[in-house]
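This report concerns only the one structure given below.
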Amino acid sequence: TTMKADDLREIGDLGSGNGGSVKKVTHLPTGTTMAKKIVLIDAKPSVRKQILRELHILHGCHDPHIVSFYGAFVTDPNVCICLEFMDKGSLDKIYKKTGPIPIDVVGKIAFAVLSGLTYLYDVHRIIHRDIKPSNMLVNSSGEIKICDFGVSGELINSIADTFVGTSTYMSPERIQGAQYTVKSDVWSTGISLIELALGRFPFSESSSDDSDLSDLEGTLSPSRPGNLQMNLSRAEKPKKTNKKDKRKSRGVSLQGGGMTMSILELLQHIVNEPAPRLTPEGRFPVESEEFVDSCLLKDPDARPTPKELLNHVWIQDIKKKDVDLVAWAATF
Ligand code: ATP
Ligand code: MG
């Protein structure tokens, strides 16, 4: 069956992001509940058709850790992408509701994300490019899957003209303009896993003697002596939907919990300062600390690939562990 607008009935809102919005819909001919992602594309019909052709690859993407694709279609300024509905939503919203996610569950999430990334790269040579908690979805069967990967070059181009690229999950080498590789996804995975385990966006800097940050004084609030905590809330990230706002958004400051930091300052920080870690020491298993440390090696050549990370002891141990994800998913 091919997807068409008339066959879908909207039954709710699932959320929205930089690229567009997501609706809960019923596919009337089959009765299937789906998530319909509406992406506003300010481009010629020819470009929108090219995007549709490129999205076709998704029909061949089948993996237990990848959100299924039902089809896509164009409706005037939009491209609509119909995806498997994940009834427990995304991990950003989940941890904001529950607080820090238990480390064994974070381990299962790490395994799911790495498996999905390995499948995408090994089978389709696809690099995700947008790994973050809002693109990790959960359902009440306890399944964890990733979505929103960069399958269409044209779609990436169209959205790249908007604000999307300036994400705080971006690796140091990407911030400095290097090509995307599968290693960049590993960095984003590391940042995301710390965020889930701590229950907050992690950008902490243990720097009692750091003079580089002195020009940010007054914009960062020290939470402990000798330890600057930066805690940016995604909710406060400036939203933008069209090119006109670009300059304005670049200059807007991110605020949260008493600190303010411009996007540029944050990006500079990611490049110049030590990577965040799973802290405080002793709170989490050593293997999990060591795992995120290797995800967050600044040198992409030293950083392992998703496939290599699947062999890490933390992941090997978590695979053998019986973690009840159905029971966990029933708690929110
Ligand atoms: P950004 O635009 O910065 O990438 P985002 O990932 O939150 O942020 P969208 O991809 O537009 O933005 O998704 C909006 C919200 O819709 C998500 O946060 C998620 O909670 C929800 N969502 C997306 N896809 C699905 C799905 N397949 N099933 C259930 N909920 C979904
Ligand atoms: Mg998303």
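The values are calculated or read from the model by the stated rules, or taken from the named source; none is laboratory data. Bear in mind that the values here come from a model prediction, so they are computed numbers and not experimental data. Here the Cβ is made from the backbone with ideal geometry for all residues, glycine too, and neighbour counts use every protein chain on show. The area values use the complete protein model at the heavy-atom level, side chains included, leaving out ligands, DNA and RNA. Shrake-Rupley method; radii C 1.70, N 1.55, O 1.52, S 1.80 Å.
Taking strands (runs of 3 or more DSSP E) as the structural unit, those lying wholly within the range 60-174 and holding at least 2 residues that are farther than 28 Å from Gln316 by Cβ and touching a helix residue (DSSP H, G or I) at 6+ places or on another chain (Cβ under 6 Å) correspond to 69-75.
Looking across the range 260-307, the residues that are part of a helix (DSSP H, G or I), touching a helix residue (DSSP H, G or I) at 6+ places or on another chain (Cβ under 8 Å) and open to solvent by 60 Å² or more (accessible area, probe 1.4 Å) come down to Leu264, Asn272, Glu287, Glu290, Lys307. Looking only at the range 62-80, count how many residues are more than 28 Å from Pro306 (Cα to Cα), among the aliphatic types (A, V, I, L, M) and crowded, with 20+ Cβ neighbours inside 10 Å. Total meeting the criteria: 2. Would you mind stating whether Val47 is more than 18 Å from the chain's Cα centre (by Cα), under 22 Å from His27 (Cβ atoms) and of a type outside the set (Lys, Arg)? No; evaluated as a whole, the condition is false for this residue.
Conditions (1) modelled with pLDDT of 95 or more; (2) away from ligand 1 (no atom under 16 Å from the Cβ); (3) over 25 Å from Leu193 (Cα atoms); (4) aromatic (Phe, Trp, Tyr), marked per residue:
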| position | (1), (2), (3), (4) |
| --- | --- |
| Glu54 | no, yes, yes, no |
| Ser68 | yes, no, no, no |
| Thr75 | no, yes, yes, no |
| Val79 | no, no, yes, no |
| Asp92 | yes, no, no, no |
| Ile101 | yes, no, no, no |
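Being within 14 Å of ligand 1 (Cβ to nearest atom) and touching a strand residue (DSSP E or B) at 6+ places or on another chain (Cβ under 9 Å) holds for only one residue in Ile146, Ile156, Ile109, and it is Ile146.
Somewhere in the range 131-144, is a residue more than 20 Å from Gly15 (Cα to Cα) and either aliphatic (A, V, I, L, M) or open to solvent by less than 40 Å² (accessible area, probe 1.4 Å) (or both)? Yes, the range 131-144 contains a residue that is more than 20 Å from Gly15 (Cα to Cα) and either aliphatic (A, V, I, L, M) or open to solvent by less than 40 Å² (accessible area, probe 1.4 Å) (or both).
Each residue in the range 183-221 was checked for being at pLDDT below 95 and at positive phi, and 1 pass. Criterion applied to Thr30, Thr2 was being surrounded by fewer than 17 Cβ atoms within 10 Å (Cβ to Cβ), in contact (Cβ under 8 Å) with a residue 40 or more places away in the chain and at negative phi, and the one residue passing it is Thr2.
Does the range 155-170 contain at least one residue that is within 20 Å of Leu266 (Cα to Cα) and modelled with pLDDT of 90 or more? The answer is yes; a qualifying residue exists.
Close Cβ contacts (under 6 Å, 6 or more residues apart or on different chains) running from residues in the range 308-319 that are part of a loop (DSSP other than H, G, I, E, B) to residues that are aromatic (Phe, Trp, Tyr) and buried (at least 17 other Cβ atoms within 10 Å of the Cβ) comprise His312/Phe291.
For Ser115, the stated conditions do not hold, so it cannot be described as in contact (Cβ under 8 Å) with a residue 60 or more places away in the chain, away from ligand 1 (no atom under 13 Å from the Cβ) and within 30 Å of Lys49 (Cα to Cα). Name every residue in the range 33-57 that is within 16 Å of ligand 2 (Cβ to nearest atom) and open to solvent by 90 Å² or more (accessible area, probe 1.4 Å), in order of residue number. Result: Leu40, single match.
Results for (1) touching a residue at least 12 places away in the same chain (Cβ under 8 Å); (2) more than 16 Å from ligand 2 (Cβ to nearest atom); (3) closer than 24 Å to Lys23 by Cα, shown as yes or no for each residue.
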{"residue": "Gly99", "(1), (2), (3)": "yes, yes, no"}
{"residue": "Ala110", "(1), (2), (3)": "yes, yes, no"}
{"residue": "Asp122", "(1), (2), (3)": "yes, yes, no"}
{"residue": "Ile144", "(1), (2), (3)": "yes, no, yes"}
{"residue": "Glu154", "(1), (2), (3)": "yes, yes, yes"}
